[in-house]
Structure formats: structure tokens, C-alpha cells
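Participant: Quick one: this structure, given as C-alpha cells, is what I'll be asking you about.
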Amino acid sequence: MPSPTGDGRGWLVVIFFGLAAVVAAAAMLPGAGGLTLDRDGFEATNLFRRHRARWQDSIGFQAARIPPARQMWVAYDDVTQSTRSIAKFNVGIVGRNAALPDTYGLSADDLAQLIAQWRERALGQTGSR
């Protein structure tokens, strides 16, 4: 028979979902997420953390399903990350070593195509430096 004072497991649930609510609220703040494409590369922002990649270092943009999720992502190879352990793990799962954290309101296929076009134009105009 359960104790009338409880055993503390309820507090763990409250704390877990409370933290999840804080993270969800932070994700909705202006500037918390976004994707910027420019002539030199792209910058992806997720929960205020920024990742910048140059076009010369990023290849093979494609839509990919990352198991076990049903959501599609845009995966690519970042040559600056190829020796990292997590990159090798990602290659084993998806075939690419990096992925964007969101599709920014587009389908993964459309976003992959858009980014590939930006890369092609940027490298065509500036050379391969």
C-alpha cells in the first residue's frame, strides 16, 4: 500500500516536465533558432547556440530520416567534423556526418535543394578558395 506522504517519484516527474517546459519556452524566444545563408556559408542557430559552416567545407546536402524518428532532416558532410567520434557515429546511422537542427518551415527535400543551390552559386561566383 502506498504511503500517504508519497515516495518522491512524483517530484521527479514534476522536475522533468518543468525543465522540458523551460526548454520549450526558450526555443520560442526571438533569436533562439534560425538559418542564415550567405555567400561564404551558412549559420544554424538552435537554442541560441550557433554553428557556422563554410560552403567549401559542406557537401552532399540531402533529406534524410534519422532513426528512430519519423521526422526528416537535412543531412550533409562537414569536412571539418569528419574525425570527431560523433561524426563517425552519424555516418553509420544516416550516411552523413552532420545535420541541420530544423527544416525551418520547409520540407527537408526543399531545404536540401535550396541549400545546395546556394552552395553551387556561392562557389561558382567566388571559386573554391
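Participant: Out of region 63-74, which residues are of a type outside the set (Lys, Arg) and more than 13 Å from the chain's Cα centre (by Cα)?
Facilitator: Pro67, Pro68, Ala69
Participant: Residues in region 106-129 that are in a helix (DSSP H, G or I), surrounded by 12 or more Cβ atoms within 10 Å (Cβ to Cβ) and of a type in the set (Gly, Ala, Ser): how many?
Facilitator: 4
Participant: Find the residue count for region 34-51, including only residues that are within 18 Å of Arg121 (Cα to Cα) and out of contact with any helix residue (DSSP H, G or I) (no Cβ under 9 Å at 6 or more places or on another chain).
Facilitator: 2
Participant: Restricting to region 81-105, count the residues that are surrounded by fewer than 15 Cβ atoms within 10 Å (Cβ to Cβ) and either touching a Lys or Arg at 6+ places or on another chain (Cβ under 8 Å) or assigned to a loop (DSSP other than H, G, I, E, B) (or both).
Facilitator: 6
Participant: I want to confirm something. Restricting to region 44-58 and keeping residues that are more than 11 Å from the chain's Cα centre (by Cα) and part of a strand (DSSP E or B), which single residue is surrounded by the fewest Cβ atoms within 10 Å (Cβ to Cβ)?
Facilitator: Applying the filter and picking the extreme gives Arg52.
Participant: I would also like to ask the following. I'm trying to understand the selection: among the residues of region 65-80, which are in contact with a Lys or Arg (Cβ under 8 Å, 6 or more places away or on another chain) and over 14 Å from Ala53 (Cβ atoms)?
Facilitator: Once the filter is applied, which keeps residues that are in contact with a Lys or Arg (Cβ under 8 Å, 6 or more places away or on another chain) and over 14 Å from Ala53 (Cβ atoms), region 65-80 yields Gln71, Met72, Trp73.
Participant: Taking into account only those residues within region 19-37 that are in contact (Cβ under 8 Å) with a residue 24 or more places away in the chain and under 19 Å from Gln117 (Cα atoms), which is surrounded by the fewest Cβ atoms within 10 Å (Cβ to Cβ)?
Facilitator: The residue in question is Gly34.
Participant: Out of all the residues in region 61-80, which are of a type outside the set (A, V, I, L, M) and either loosely packed, with under 15 Cβ neighbours inside 10 Å or in a helix (DSSP H, G or I) (or both)?
Facilitator: Listed by number, the residues that qualify are Arg65, Pro67, Pro68, Arg70, Gln71, Thr80.
Participant: Somewhere in region 104-125, is a residue closer than 30 Å to Val22 by Cα and of a type in the set (Val, Ile, Thr)?
Facilitator: no
Here, each number is a calculation from the coordinates, and none is a lab measurement. On a predicted model such as this, the values are computed, not experimentally measured, just so you know. In this analysis, Cβ positions are derived from the backbone assuming ideal geometry, glycine residues included, and neighbour counts consider all displayed protein chains.
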